[in-house]
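Working notes, beginning with the structure itself.
The values are calculated or read from the model by the stated rules, or taken from the named source; none is laboratory data. Just so you know, these numbers come straight off a predicted model, no measurement behind them. Positions of Cβ are generated from backbone atoms using ideal geometry, with glycine treated the same way; all protein chains shown enter the neighbour counts.
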Amino acid sequence: MLEKLTAQFLETRVFRYANQQDEDEIDVLQRMGLTTEAVAEIIGLLRERQEIESLEALLDKPFNPKLQLEKQRIVSRYSDGSIRVFYGALERETAEAEVKHHIRKYLTPQHATKPRTVYYLGFACDFVGNSKDLREKYSEWPWLTHDTDSSISKCHNIAREAVQEGLDGLLAPSARRNNGTCLPVFKRTAISNPESTEFVAFTFDPTTSQFI
């Protein structure tokens, strides 16, 4: 399918949110009666000393060998478990919409009734490499943002083609934000210069399925 698209050299800034949840750390802080804002500030300070190292580690993490892949294939939109992908977005709002979708799934166990707060680090990094723009085919391939098994399977096929062609990434329409653009990256060498942008707390109410 990708043969219909022309590869282009792309330099851009991409955004991502990384989970900063530490259950033990946060439990202690919350039992001290601190507000959500205070907890977020303290965790941010605790991370600050290791910020440069941890930011680089956040770029490394999707590409590191994972023992769990030998036991269980971790599937995402552009990976069937055999391809390692760093997911970024061209817009901060798109990165937020994407992460909120995953938080909503994570924080809605059966019969959950109490709001829960999770903490994320927002950061940006540079992408430099060859890519193809799937947005050009979106009207013809609306399944790019569908969540059915057949649609995800087609996205996996596209990712395999991209890797076989040696592409560094793909520009893809966001499934969670209208007119948003995601950038799945297939090579660690294509991303660099990470910089934190914000430290945020997302509080989700499972009774209303809304963030508060």
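At-a-glance table
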item: Matching entry among 168, 149, 205, 133 (being of a type in the set (Asp, Glu), under 18 Å from residue 80 (Cα atoms) and surrounded by 14 or more Cβ atoms within 10 Å (Cβ to Cβ)); result: 168
item: Of the criteria (1) part of a helix (DSSP H, G or I); (2) over 25 Å from residue 176 (Cβ atoms); (3) at pLDDT 85 or above, which one residue 93 fails; result: (2)
item: Strands (runs of 3 or more DSSP E) lying entirely in the range 136-212 (those with 1 or more residues that are in contact with a strand residue (DSSP E or B) (Cβ under 6 Å, 6 or more places away or on another chain) and β-branched (Val, Ile, Thr)); result: 181-185, 191-205
item: Residue in the range 165-186 that is touching a Cys at 6+ places or on another chain (Cβ under 6 Å) and modelled with pLDDT of 95 or more present; result: yes
item: Residues that are under 18 Å from residue 7 (Cβ atoms) and without any contact (Cβ under 8 Å) to a residue 24 or more places away in the chain, drawn from the range 148-183; result: 164
item: Filtered residues of the range 190-211 (kept if touching a residue at least 40 places away in the same chain (Cβ under 8 Å) and polar (S, T, N, Q)); result: 192, 193, 196, 197, 203, 207, 209
item: Within the range 148-185, tally of residues that are among the charged types (D, E, K, R) and closer than 21 Å to residue 94 by Cα; result: 3
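Yes/no per residue for (1) outside any helix (DSSP H, G or I); (2) farther than 22 Å from residue 178 by Cα; (3) modelled with pLDDT of 95 or more:
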position	(1), (2), (3)
9	yes, yes, yes
13	yes, no, yes
30	no, yes, no
34	yes, yes, no
47	no, yes, no
57	no, yes, no
69	no, yes, no
102	no, no, no
